[in-house]
1. Quickly estimate the mean residue ellipticity at 222 nm for the chain, helices only: each DSSP H run with n ≥ 4 gives -39500 (n - 2.57), and the total goes over all residues, rounded to 500.
2. Return one whole number: the accessible area per residue of the chain in Å², for a 1.4 Å probe.
3. As an exercise, take the mean of 1/r over every pair of distinct alpha carbons in the chain, invert it, and state the Kirkwood radius in angstroms.
4. Given a 1.4 Å probe and every protein chain left where it sits, what share in percent of the accessible area of the chain is carbon and sulfur?
5. Once R0 is set to 30 Å, what does the formula 1/(1 + (r/R0)^6) return for the Cβ-Cβ distance between residue 41 and residue 4, expressed as a FRET efficiency to the nearest 0.05?
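The values are calculated or read from the model by the stated rules, or taken from the named source; none is laboratory data. Since we're looking at a predicted model, the values are computed, not measured. Ideal geometry is used to build each Cβ from the backbone, glycine not excepted, and the neighbour counts take in all protein chains shown. For accessibility, only protein heavy atoms count, side chains too; no ligands or nucleic acids. Shrake-Rupley method; radii C 1.70, N 1.55, O 1.52, S 1.80 Å.
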Amino acid sequence: MKAFRLDELEAERAANDGAYLQFVRERNMSVGLYALDAGELDPQQPHQQDEVYFIVSGRASITVGMETTQVGRGSVVYVPAGVAHKFHHITEDLRVMVVFSPPEG
């Protein structure tokens, strides 16, 4: 079993000066913590994997393809592989659990 505490993952991510921390990598999936602060721009490009975003905290909008919705704590968003997507109008620091299948790069 692998078990994680969000506060410890956030500390590790911050200590490594990165917006993304992958903390699980298995044959069929990977899981990471993605962080964008209020007002920050999301530099993402489309991925080759399907993704599921679970919003742990914060508030923002996300555009996936041609659709836009607001997200906040508890929101879940599916992004198909190859589809352009970005978080924007980030009004509260955003912390997102990201599941990639198959595993990201």
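1. Working: 1 runs with 10 residues, N = 105.
Taking each H run of at least 4 residues, the total per residue is -3000 deg cm²/dmol.
2. Numbers: 6320 Å² over 105 residues.
Accessible surface, normalised per residue, equals 60 Å².
3. Final number for the Kirkwood radius of the chain is 13.9 Å.
4. Details: 3390 of 6320 Å².
Roughly 54 percent of what the probe reaches on the chain is carbon or sulfur.
5. On the way: r = 28 Å, r/R0 = 0.92.
Approximately 0.60, to the nearest 0.05.
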